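**Student:** Have a look at this one before I ask anything.
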Amino acid sequence: MPQMIDKDTEKRLISASQKIEQMHGRREDEQEGQWKELQFPFTLSEGLARLTKDELTVIRRRLEVKKASSLKKAELVALFSEVIPTKVEEIFSVWDQERLGLIRKLIRQGGLVPAAEVEVKAVDSLCLSGLVFSGMNDGQEVLAIPADLIEIIQSLEVSEVLLEKMTRNSEWIRLTHGLLYYYGTLKPDKLIQMLEKYTKSPVDRTVFARVIDEAIQYYGECEINQYGYTHFKVADPERVLHEQQSRIGLEYFPFTKEQLWIAGERDYVDRNHSYRQFVKFLTNEYKMNPADADQLAEECVLVIQNGIGPNEMIDILQHHLEFPTMAAVDDLMKVVVAMINNTKQPFLKGYTSIELSTKMKVKSQPSSSAQKDNVINLATKTMGRNDACLCGSGKKYKKCCGR
């Protein structure tokens, strides 16, 4: 039978559950109030007048318009109608190629595209840039560019200088998302140090901060907090940093640039062999359809990355599955443990439990000839709950990788 869980584990379960809800909310959310009737074509002034005072305030802050905090809505509309055309180049300078692609698509289609072709989170970000507006046109939700901005945008979208900046920004953003997917939370200096390593170019901290701040608004893949930059799926960034810092002498897992690039894709999940075996087990033994099995596996990976161990995983799974016998629980435990041991974790600096235990064992061997026969596989070796953890943290197994 699953064991009683302690308060710390219960807290992590609640945090992980909230992250699961947030993850699904990103895909299903729909914003109300932004789909008012939109007459097309329209001017920038007409588009701005459709926004609320709060929305105009967000634009003011994003564009860093000074001495305008006390202005009334009509005054902000008048001011922005003059300021925004002069700031298009500045706005583009912190965007990436994906957003440029959307703007080009809008231009090619005469300044109007169906909103369904754009991610919900992206719609919100674009519509608070001052360049794009949303509404209903001929019974369809659309995104549109004011007529008086089209010519300005067309002149800038071919700028070699801007294209170079957007290419650089795209690389920064994609690699940042990949690094945070595997490492969870990184302090700004550490993140920039890693980016400089993978891009082989210096990173201007001020420019980077603006680029990533805009990317956070657009992609929602990470956030900035008191601990640094954190992936949106991480429930406890403070604990991630604490666990990483406790592993003195352990370098971060050396991912290739290609691995980080792949992991930097929106809503990426590392569907490795153990993940696929878990999905196969659910479809074969519990007759789940592949889509439901994959979603459950994805949720399991999220809670694993947030420090949940095998016993707590069974507690979670019993809300989704029925266990006819104890033998069924044992069979499930085997594939659960395999997935836990083969999931790269932020707490382990991007290593899996097996990779880290093998690394620590190899490091302790006096000669390479002895290494091959003594590599420990946590998927097959039984660890006592009070044994010292093999990852080198100095903690008991039950308080570390055995959670």
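The values are calculated or read from the model by the stated rules, or taken from the named source; none is laboratory data. Remember, predicted model here, so these are calculated numbers, not experimental data. Every residue, glycine among them, receives a Cβ derived from its backbone with ideal geometry; neighbour counts consider all protein chains shown.
**Student:** Take the residues in region 214-243 that are more than 18 Å from residue 260 (Cα to Cα) and in contact (Cβ under 8 Å) with a residue 60 or more places away in the chain, then tell me which one is surrounded by the fewest Cβ atoms within 10 Å (Cβ to Cβ).
**Tutor:** 217
**Student:** Write out, first by first residue and then by second, each pair whose Cβ atoms fall under 8 Å of each other, whose residues are 6+ apart or on separate chains, and whose first residue, in region 180-197, is in contact (Cβ under 8 Å) with a residue 12 or more places away in the chain while the second is β-branched (Val, Ile, Thr) and surrounded by fewer than 22 Cβ atoms within 10 Å (Cβ to Cβ).
**Tutor:** Once the first residue is in contact (Cβ under 8 Å) with a residue 12 or more places away in the chain and sits in region 180-197, its partners that are β-branched (Val, Ile, Thr) and surrounded by fewer than 22 Cβ atoms within 10 Å (Cβ to Cβ) give 192/203; 195/203.
**Student:** Test each condition in (1) in contact with a Gly (Cβ under 9 Å, 6 or more places away or on another chain); (2) under 15 Å from residue 95 (Cβ atoms); (3) not β-branched (Val, Ile, Thr) for residue 126 and report the one that comes out false.
**Tutor:** Result: residue 126 passes all but (1).
**Student:** Take the residues in region 212-242 that are assigned to a helix (DSSP H, G or I) and either in contact with a helix residue (DSSP H, G or I) (Cβ under 8 Å, 6 or more places away or on another chain) or at pLDDT below 95 (or both); name whichever of them is farthest from residue 169 (Cα to Cα).
**Tutor:** First, pick out the residues of region 212-242 that are assigned to a helix (DSSP H, G or I): 212-219, 237-242.
Then keep just the ones that are either in contact with a helix residue (DSSP H, G or I) (Cβ under 8 Å, 6 or more places away or on another chain) or at pLDDT below 95 (or both); that gives 212, 214-215, 217-219, 239-240.
Details: 212: 9, 214: 11, 215: 9, 217: 14, 218: 13, 219: 13, 239: 30, 240: 27 Å.
The extreme case among them is 239.
**Student:** I need the full set of residues from region 333-365 which are touching a residue at least 24 places away in the same chain (Cβ under 8 Å) and among the aliphatic types (A, V, I, L, M), in order please.
**Tutor:** Within region 333-365, 335, 336, 337, 338, 339, 340, 348, 354, 356, 360 meet the criteria.
**Student:** Inspect region 217-228 for any residue being touching a strand residue (DSSP E or B) at 6+ places or on another chain (Cβ under 8 Å) and on the phi > 0 side of the Ramachandran plot and give the result as yes or no. Before you say what the answer is, go through the steps one by one.
**Tutor:** Let us first name the residues in region 217-228 that are touching a strand residue (DSSP E or B) at 6+ places or on another chain (Cβ under 8 Å), namely 221-224, 227-228.
Subsequent filtering for residues that are on the phi > 0 side of the Ramachandran plot retains 228.
Yes, region 217-228 contains a residue that is touching a strand residue (DSSP E or B) at 6+ places or on another chain (Cβ under 8 Å) and on the phi > 0 side of the Ramachandran plot.
**Student:** Whether any residue in region 312-321 is out of contact with any Gly (no Cβ under 9 Å at 6 or more places or on another chain), free of Cβ contacts under 8 Å to residues at least 12 places away in the same chain and in a helix (DSSP H, G or I) is what I want to check. If you could, list the steps in order and put the result at the bottom.
**Tutor:** Of the residues in region 312-321, the ones out of contact with any Gly (no Cβ under 9 Å at 6 or more places or on another chain) are 312-321.
Subset that is free of Cβ contacts under 8 Å to residues at least 12 places away in the same chain: 319.
Narrowing further to those that are in a helix (DSSP H, G or I): none.
No, region 312-321 contains no residue that is out of contact with any Gly (no Cβ under 9 Å at 6 or more places or on another chain), free of Cβ contacts under 8 Å to residues at least 12 places away in the same chain and in a helix (DSSP H, G or I).
**Student:** Name the one entry in 160, 151, 141 that is farther than 19 Å from residue 83 by Cα and without any contact (Cβ under 8 Å) to a residue 24 or more places away in the chain.
**Tutor:** On the way: 151 fails: farther than 19 Å from residue 83 by Cα; 141 fails: without any contact (Cβ under 8 Å) to a residue 24 or more places away in the chain.
That would be 160, the only listed residue that is farther than 19 Å from residue 83 by Cα and without any contact (Cβ under 8 Å) to a residue 24 or more places away in the chain.
**Student:** Regarding region 122-132, can at least one residue be identified that is out of contact with any helix residue (DSSP H, G or I) (no Cβ under 7 Å at 6 or more places or on another chain), charged (D, E, K, R), closer than 17 Å to residue 218 by Cα and outside any helix (DSSP H, G or I)?
**Tutor:** Scanning region 122-132, I find no residue that is out of contact with any helix residue (DSSP H, G or I) (no Cβ under 7 Å at 6 or more places or on another chain), charged (D, E, K, R), closer than 17 Å to residue 218 by Cα and outside any helix (DSSP H, G or I), so the answer is no.
**Student:** Still on this structure, I have one more. Are there any pairs with C-beta distances below 6 angstrom linking a residue in region 288-310 that is surrounded by 19 or more Cβ atoms within 10 Å (Cβ to Cβ) to a residue that is in a loop (DSSP other than H, G, I, E, B) and hydrophobic (A, V, I, L, M, F, W, C), with the two at least 6 apart or on different chains, and if so which?
**Tutor:** 306/235
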